[in-house]
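The values are calculated or read from the model by the stated rules, or taken from the named source; none is laboratory data. Every value quoted in this text rests on a predicted model; they were computed, and no experiment measured them. All Cβ positions, even for glycine, are placed from backbone atoms using ideal geometry, and neighbour counts span all protein chains on display. Accessible surface areas use protein heavy atoms only, side chains included; no ligands, DNA or RNA. Shrake-Rupley method; radii C 1.70, N 1.55, O 1.52, S 1.80 Å.
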Amino acid sequence: DFIGQTQKIWQELTAKPATFTPAELVVIADEDDYSLTTEQVNVWNGPNYHTIRNNQDAFLRSGLKYDFYYFSDVLARNMKDYRVYVFSNIFLLSPEKRAFIDSLKRDGKTLVFLYAPGFMNGEKTMKELTGIDIRQCDRRSKLARFEKSSSPLLKGVSGQRVGLGIDMPGERFEVSDSKAVPLTRYADGKIAGAMRTFRGWNSIYLATPSCFTPEFLQNIARFGGVHIYNTPGDMFFHHRDDLLVLHGVEGNTNQLRFPYPVELQDLYTGEVLGEPAVKLKPGESRLFRVKRR
């Protein structure tokens, strides 16, 4: 019965073309860089697996609506309208990609760079790209925690371990910029992540490939002017405009906040929610039709 009901829901959803309103935050992966690194974690290509795959665990639980594109698609469509850009694995940059990134440094945008942006073009490129002084450091340096600070970017994560508990061996980088605000530190005290504000844009550099937690992502989004849809913790999917999917990881009471009035209808029970709060059990999934009022 459940499988039959799920099939019926799928048939109804696919009976007409779906609409997808662009998000305000985009994650960009560069498929051209997949074959350029050799550091391995078991059978995985370490830098790409950590900067892309592991961080998605945090994004899926962040309560944010976000888009995910390959850099080639971003260039082809000239996607310059997002508020926050997260560049995952841009280890080698073509002149075209470099020019695109430089063109984003305006209108109050926030650009987030992970691990080794432009490193294969030369260490100098990392500073030119991010605006932050970055240099290689001892491989033995391990990232321990977020900076202990009252900064809005560190609300709810100050002093906690960076990422979701996964670290990667390999090249290490540190921030050596006295004008940058520290966000994360290695266990030996070296700065591993920082933010610097420039005229017209903000730069965030994070040296740890797996650096995000759901709460930290919400802080970055809020700082960048991106709408927060849900409580962090459980999985939140809202890409097509008429569908919302929740999946219990922590088993939260999900406090949903849309930027406009909506009606949510449970696609299994037909129930219309009177208030935007959904309590989930760990492992429980719920599907909702989203109707804008």
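For residue 101, only one of the following conditions fails: (1) within 20 Å of the chain's Cα centre (by Cα); (2) open to solvent by 20 Å² or more (accessible area, probe 1.4 Å). What is its number?
Here residue 101 meets the rest and fails (2).
Can residue 172 be described as at pLDDT below 95, open to solvent by 70 Å² or more (accessible area, probe 1.4 Å) and on the phi < 0 side of the Ramachandran plot?
Criteria not met by residue 172.
Taking interchain pairs and intrachain pairs at least six residues apart, which have beta carbon atoms under 6 angstrom, with the first residue in region 251-264 and closer than 15 Å to residue 281 by Cα and the second β-branched (Val, Ile, Thr)?
252/231; 254/231; 254/278; 255/231
Go through region 213-260 and give me each residue that's among the hydrophobic types (A, V, I, L, M, F, W, C), part of a helix (DSSP H, G or I) and open to solvent by 20 Å² or more (accessible area, probe 1.4 Å).
Scanning region 213-260 gives a single hit, 223.
Filter region 47-76 down to residues that are assigned to a helix (DSSP H, G or I), of a type in the set (Phe, Trp, Tyr) and over 15 Å from residue 238 (Cα atoms) and give me whichever is most open to solvent (accessible area, probe 1.4 Å).
The residue in question is 49.
When you look at residue 79, is it within 15 Å of residue 30 (Cα to Cα), part of a loop (DSSP other than H, G, I, E, B) and open to solvent by 10 Å² or more (accessible area, probe 1.4 Å), yes or no?
yes
Residue-wise test of (1) closer than 17 Å to residue 180 by Cα; (2) open to solvent by 10 Å² or more (accessible area, probe 1.4 Å); (3) among the small types (Gly, Ala, Ser).
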{"position": "93", "(1), (2), (3)": "no, yes, no"}
{"position": "112", "(1), (2), (3)": "yes, no, no"}
{"position": "120", "(1), (2), (3)": "no, yes, no"}
{"position": "132", "(1), (2), (3)": "yes, no, no"}
{"position": "146", "(1), (2), (3)": "yes, no, no"}
{"position": "158", "(1), (2), (3)": "no, yes, yes"}
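For residue 181, are the conditions met, namely being farther than 23 Å from residue 52 by Cα, touching a strand residue (DSSP E or B) at 6+ places or on another chain (Cβ under 8 Å) and either of a type in the set (A, V, I, L, M, F, W, C) or open to solvent by less than 10 Å² (accessible area, probe 1.4 Å) (or both)?
Here the answer is yes, as residue 181 does meet what is asked.
Working carefully through the options 6, 19, find the one that is touching a Lys or Arg at 6+ places or on another chain (Cβ under 8 Å), modelled with pLDDT of 90 or more and farther than 30 Å from residue 165 by Cβ.
Being touching a Lys or Arg at 6+ places or on another chain (Cβ under 8 Å), modelled with pLDDT of 90 or more and farther than 30 Å from residue 165 by Cβ holds for just one of 6, 19, which is 19.
Do you know which residues across region 120-169 are of a type in the set (Gly, Ala, Ser), more than 16 Å from residue 185 (Cα to Cα) and touching a Lys or Arg at 6+ places or on another chain (Cβ under 8 Å)?
Hit for region 120-169 is 131, nothing else.
So, in region 184-204, exactly how many residues are open to solvent by 40 Å² or more (accessible area, probe 1.4 Å) and more than 22 Å from the chain's Cα centre (by Cα)?
Here the count works out to 4.
Just one of the numbered conditions (1) assigned to a strand (DSSP E or B); (2) surrounded by fewer than 20 Cβ atoms within 10 Å (Cβ to Cβ) is not true of residue 281; which one?
Every listed condition holds for residue 281 apart from (1).
What are the residues in region 261-276 that are open to solvent by less than 30 Å² (accessible area, probe 1.4 Å), outside any loop (DSSP other than H, G, I, E, B) and aliphatic (A, V, I, L, M), if any?
Within region 261-276, 262, 264 meet the criteria.
Regarding residue 116, is this residue buried (at least 22 other Cβ atoms within 10 Å of the Cβ) and either of a type in the set (A, V, I, L, M, F, W, C) or without any contact (Cβ under 8 Å) to a residue 40 or more places away in the chain (or both)?
yes
Given the conditions (1) open to solvent by less than 90 Å² (accessible area, probe 1.4 Å); (2) over 30 Å from residue 286 (Cβ atoms); (3) free of Cβ contacts under 8 Å to residues at least 40 places away in the same chain, report the number of the one that residue 38 does not fulfil.
Here residue 38 meets the rest and fails (1).
Report every pair of residues separated by at least 6 positions or lying on different chains whose Cβ atoms are under 8 Å apart, first residue within region 176-187 and of a type in the set (Phe, Trp, Tyr), second in a strand (DSSP E or B).
Final answer for the pair search is 186/137; 186/143; 186/144; 186/172; 186/174; 186/192.
Looking at (1) part of a loop (DSSP other than H, G, I, E, B); (2) open to solvent by less than 40 Å² (accessible area, probe 1.4 Å); (3) out of contact with any Phe, Trp or Tyr (no Cβ under 9 Å at 6 or more places or on another chain), which one does residue 209 not meet, given that it meets all the others?
So residue 209 meets the others, but not (3).
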